[in-house]
Amino acid sequence: MIAELGHFALVLALALALAQAVLPLAGAARGNPAWMAVAAPAAQGQLLFIAIAFLALMHAYVTDDFSVAVVADNSNSAMPLIYKAAATWGNHEGSLLLWVLILAVFGAAVGTFGNNLPPRLKARVLAVQALIAVGFLAFMLLTSNPFARLDPPPADGADLNPLLQDPGLAFHPPMLYVGYVGFSMAFSFAVAALIEGRVDAAWARWVRPWTLAAWIALTAGIAGGSWWSYYELGWGGWWAWDPVENASFMPWLLGTALLHSAIVVEKRDALKSWTMLLAILTFGMSLVGTFLVRSGVLTSVHAFATDPARGVFILLLLIIAVGGSLTLFAIRAPSLRDGGLFQPISREGSLILNNLLLAVGGAIVFLGTFMPLFADVLHLGAISVGAPYYFLIFNPFAALLVIIMAVGPLLPWKRADLAGALQRLTAAAIATLVAAGLVLWLKSGAPLFGVLGTALGVWLLTGTLVEYGERIGILRTPAEAWRRARQLPRAAYGMTLAHAGLAVAILGMTGSTAWKQEQILMMRPGDTVALAGYDYRFDGVANVAGPNYTAARGTFTVTKDGALVTILHPEKRVYPVQGMPTTEAAIHTNGLADLYAVIDSPDAAGAVSVHLYHQPLVPWIWAGALLMALGGLVSLSDRRLRVGAPSRRVAAAALVRA
Amino acid sequence: MTTAPGQPTGAVSRRLLYLLPVALFAAVAGYFLLALSSDRNPQEVPSALVGKPAPDFTLAPLLPDVPGLARADLGGDVVLVNFFASWCVPCRAEHPYLGRLAKEGGLPIFGVAWKDVAAATRAYLAQFGNPYARIGMDDSGRTGIDFGITGVPETFVVGRDGRICYRQWGPVTDDDTAQALLAKIKECRG
């Protein structure tokens, strides 16, 4: 009964979304305020109905209603409650429902809090948002109904994929989805502005907080996913350039570019059409990320659900959304005129370079992800693209980006003195050279990229600190510096934190890639092995039972110079319902390195295959990502963004100048 | 919005530039449609290498008593080339079937240890046994890329002429798949 209620709520949400798409758009075109006013309450109603549907589905999971097909396929009565709830979005139908739920949350937020938006823009933004919702609600109701019943219902469910039964993964997809869907706001704002034929500083100021919120969530989501694959998959790595990972990385690259180009629109009234294009493409990449990967267009070992019939539908949606908006872009964007003029060497110039490099990076990842498919269609032979491709092609562009990242913030708007900026970075350059020298000296025979990566990380970190120090006048009196530090806008702190976070993450990536040590061997109870200065004594394996799995649990006593460091308990679990083994790595971190142990099932004699890793600096990757997300949050709390844009005066001034 | 008066030719090329994104997108979407509409198994990228000579490669040996693998070792007789890795769970499931395939098919199996660490591969083979007549270490994954594999395990039937005759995507973990592969091996013998 509750499942039918959920289904009905979805149908109502679709009807409301249709009204929200058509009436405000027509109202904005004819100047009818009553029709435009439909948008906000419709968006709120849509959220209400989709939330009802979502709760109905979650109810079916939590109460073990196996007559609902998706519950029978993805849940089991023995599963812990938290995974029953998380299983709601652990499959195609449920994740789609979560997706439209987040879409509705964003739409209702604009409807409720967007009072400072001009009514026409607000109506159009919400209408475009509703068009997206119509597409995906129809997709769900026609091809992927989450409330389909089974008759007769099975006695128990087939269990959730054991790899997904993990606290990290329970919350990773919602985070990622907030990121993906959040970029729909930038998209809706861009399409609305293109319909209106008007983009100005105020527009950029409205769109930036939404983009920033999406970027924060996506950053945290990607970091969470990488952390999950690090400790749950037990392969000792944290990024594999898998299509599913790339799918989240592409919108991140373009979204980062969008975040920076929107600053130029806001402050300098320039780069308008480029920003429009980025907003459209970022959301396009998010759509590719959420759906194309799962549709079977792409072969990925990691896609959890694939179905070509759904793929065609998704592709049609993609063609309508992205193709339609790009057509609108081709018609309207040429008439957008940029206001602010600037020299190539300037803050604007450095941001354009940043955008170009990020876009090229996005294109490289896109080609790498889809090359196997293109090659197949063009009969060039099946190609698979792996980490060496990205290492050789992507990394040089990323390195260039990091080099200019330290310089850009030191350049003033309009026209800058590059030599002067570089001179101010002397301290950073010295620190970089010292760090590179130290690496060469301490780690003789260090791989070249280890030296380069360390140098890049230190360059960016010190460059960012130099910029911050100059802003607060660190070389003046401490009191003066403190006063200035407090007066600095939060957006400036956001940038400092985010850039420093990337630097920390780069150091982590470099350290873990260049100096990872590992040891694989068969061990018997009592055996001891040394790795990177630590002694690992294997104390044997015990069988333990979890709620819905059994596990072989190993015990390692780790000592350094005879002193106890930690006791590690890696597990090899078997989930009997799906008959699938999973690896639970045991990780001990001391902030500078991770000690990481994985075991395999023991043989009859009690010997076990052991894989130990010493991963230097690896925690810094996630610490850096957290810093980046924190920087985004701090920037989001900036008063300027909270208050919104007070007026369109800047735009008027720009028109006069033009 | 004011429109600045531009020279006609400049305005036209400017318009064309703005058409570029949608044109590129149309091309990409067309590819996706083509890829979706063909009635292939989405789990399987059909190998365009079938019927073509096997790519050139030379791989170092892993064990002292088992020789390495090179392109020159293919051809002459029908052989199986199996890409595997110690870190790959399906490979473990497939492992017991490899020996059976060699016996019932009456042909040697050559192994390529793909993107693996030598010590790990040795421990793996020590634990599960070695069905391979030759083993090559493909630690960089280059040879796997040349063969166009999408992951491990994958198995290729290479014919007497050194051409790839059939590609088995994914593991052989049940009798049906094993029988199907044996039938293909027979076909490849001609």
### Inter-label distance for A:A605 and A:A387, nm, one decimal - labels placed 7 Å from Cα along Cα-to-Cβ
3.2 nm
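When only C-alpha pairs under 8 Å and at least 6 residues apart count, what is the relative contact order of chain A, in percent? Walk me through the numbers on the way to the answer.
Numbers: 1198 pairs, mean separation 79.7, N = 658.
The normalised contact order for chain A reaches 12 percent.
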### Query
In whole Å, what is the distance between the alpha-carbon centres of the range B:123-139 and the range A:183-200?
58 Å
### Task
For the range A:69-107 and the range A:506-542, compute the distance between their C-alpha centroids and round to whole Å.
38 Å
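With +1 on each Lys and Arg Cβ and -1 on each Asp and Glu Cβ, and nothing else charged, work out how big the dipole of the range A:460-581 is about its Cα centre, in Debye to the nearest 20. It would help to have the intermediate numbers written out before the result.
Numbers: 13 positive and 9 negative charges, 99 e Å.
Result for the range A:460-581 is approximately 480 debye, rounded to the nearest 20.
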### Message
Suppose R0 equals 45 Å. What FRET efficiency, 1/(1 + (r/R0)^6) with r the Cβ-Cβ distance, do A:R476 and A:A399 give to the nearest 0.05?
### Response
0.85
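Please compute the length gained on full extension between A:M1 and A:T589, using 0.36 nm multiplied by the number of residues separating them and subtracting their Cα-Cα distance. Numbers along the way, then the final one.
Working: separation 588, 0.36 × 588 = 211.68 nm, distance 4.94 nm.
Residue separation times 0.36 nm, minus the Cα-Cα distance, leaves 206.7 nm.
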### Message
Give the A-B buried accessible area in Å², both sides summed, 1.4 Å probe, nearest 100.
### Response
4000 Å²
### Message
Residues of the range A:312-331 with the amide nitrogen closer than 20 Å to a label point 7 Å from the Cα of A:L142, along Cα-to-Cβ, please.
### Response
A:312-325
### Message
Just want the answer: with Cβ charges of +1 for Lys and Arg and -1 for Asp and Glu, which residue in A:L465, A:A9, B:G129 is farthest toward the dipole's positive end in the protein assembly as shown?
### Response
A:L465
### Query
Within 10 Å of each Cβ of A:230-238, how many other protein chain Cβ atoms are there on average?
1
### Message
Using the basic label-point model (7 angstrom from Cα toward the beta carbon), what is the A:L564 to B:R142 distance in nanometres?
### Response
5.0 nm
### Task
Can you tell me the 0 to 90 degree angle between the C-alpha axis of helix B:175-189 and the longest principal axis of chain B, rounded to 10?
90 degrees
### Summary
Rounded to the nearest 10, the angle in degrees between the Cα long axis of helix B:89-105 and the longest principal axis of the Cα atoms of chain B comes to 60 degrees
### Query
A:L356 versus A:T112, label points 7 Å from Cα toward the beta carbon: distance in nm?
4.4 nm
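Grab the beta carbon distance between B:A70 and B:V50, set R0 = 30 Å, and tell me the FRET efficiency rounded to 0.05.
On the way: r = 21 Å, r/R0 = 0.71.
It comes out at approximately 0.90.
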### Summary
For B:L49, other-chain or 5+-apart residues with amide H closer than 5 Å (H placed, Pro excluded) are A:A382
### Task
Give the residues of the range A:490-516 whose amide nitrogen is closer than 13 Å to a point set 7 Å from the Cα of A:L442 in the direction of its Cβ.
A:508, A:511-512, A:515
### Task
Could you grab the relative contact order for the range A:1-74? Cα pairs under 8 Å, six or more apart, rounded to a whole percent.
37 percent
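Taking a 1.4 Å probe, which of A:L316, A:L358 shows the most accessible area, and what order do the others take after it?
Ranking A:L316, A:L358 by accessible area, largest first, yields A:L316, A:L358.
How much mean residue ellipticity at 222 nm does the protein assembly as shown get from its helices, if each DSSP H run of length 4 or more adds -39500 (n - 2.57) and you divide by all residues, to the nearest 500 deg cm²/dmol? Each step should come with its number before you reach the end.
Values: 28 runs with 491 residues, N = 848.
Result for the protein assembly as shown: -19500 deg cm²/dmol, rounded to the nearest 500.
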### Task
Choose one of A:A363, A:P447, A:L163: the residue whose Cα lies farthest towards the positive end of the charge dipole of the protein assembly as shown (beta-carbon charges +1 Lys, Arg; -1 Asp, Glu; about the Cα centre).
A:A363
### Query
Roughly how many Å is it from the Cα centre of the range A:112-142 to that of the range B:48-68, as a whole number?
56 Å
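Normalised by the residues of chain B, what does the relative contact order come to in percent, with Cα pairs under 8 Å and at least six apart?
Working: 278 pairs, mean separation 50.1, N = 190.
Once divided by the residue count of chain B, the mean separation gives 26 percent.
Quick check for me: using +1 on Lys/Arg Cβ and -1 on Asp/Glu Cβ, what's the dipole size of the range A:1-142 about its Cα centre, in debye to the nearest 20?
Values: 5 positive and 5 negative charges, 160 e Å.
So the dipole magnitude of the range A:1-142 works out to roughly 760 debye.
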### Query
Could you give me the ³J(HN,Hα) list for the range A:94-99, computed from phi with Karplus coefficients 6.51, -1.76, 1.60 and θ = phi - 60°, whole Hz, x at Gly and Pro?
x, 5, 5, 5, 4, 4
### Task
Starting from the Cα-Cα distance between A:A37 and A:T557, subtract it from 0.36 nm times their residue separation and give me the gain in nm to one decimal.
180.5 nm
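Quantify, in whole percent, the carbon and sulfur part of the accessible surface of chain A (1.4 Å probe; protein heavy atoms only). Don't skip to the end; give the middle numbers.
Working: 17450 of 25520 Å².
With neighbouring chains kept in place, the figure for chain A is 68 percent.
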### Task
Report the charge-dipole magnitude of the protein assembly as shown in Debye, nearest 20, computed about the Cα centre from +1 at each Lys and Arg Cβ and -1 at each Asp and Glu Cβ.
3860 debye
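For the pairs A:K84/B:K115; B:K52/B:K186; A:K572/B:K103; A:K516/A:K572, note any where the Cα-Cα span goes beyond 29 Å. All intermediate terms of the calculation are to be shown ahead of the outcome.
Values: A:K84/B:K115 36 Å; B:K52/B:K186 18 Å; A:K572/B:K103 33 Å; A:K516/A:K572 23 Å.
Pairs exceeding 29 Å: A:K84/B:K115; A:K572/B:K103.
Using 1/(1 + (r/R0)^6) with R0 = 51 angstrom and r between the beta carbons of A:D535 and B:L24, what's the FRET efficiency to the nearest 0.05? Let's see the in-between values first.
Values: r = 57 Å, r/R0 = 1.13.
E(calc), rounded to 0.05, equals 0.35.
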### Query
Using the Karplus equation 6.51 cos²θ - 1.76 cosθ + 1.60 (θ = phi - 60°), what ³J(HN,Hα) coupling, rounded to whole Hz, does each residue of the range A:117-128 give in order, writing x for Gly and Pro?
7, x, x, 5, 5, 4, 4, 5, 4, 5, 5, 5
### Query
Once you average over the residues of A:336-343, how many Cβ atoms of partner chains fall within 10 Å of each Cβ?
1
#### Entry: Positive-end extreme of charge dipole, the range B:60-146 - chosen from B:G75, B:A119, B:G141 (charges on Cβ)
B:A119
### Summary
Output field shielding_mean for A:327-335 (other chain Cβ, 10 Å radius) holds 5
### Query
Leaving out same-chain residues fewer than 8 places away, which lysines sit with a Cα under 23 Å from that of A:K272?
A:K122, A:K414
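The values are calculated or read from the model by the stated rules, or taken from the named source; none is laboratory data. Model, not experiment: these values are computed from the prediction. Neighbour counts run over all protein chains shown; Cβ positions are idealised from the backbone, glycine included. Calculation scope for accessible area: heavy atoms of the full protein, side chains included, ligands and nucleic acids excluded. Shrake-Rupley method; radii C 1.70, N 1.55, O 1.52, S 1.80 Å.
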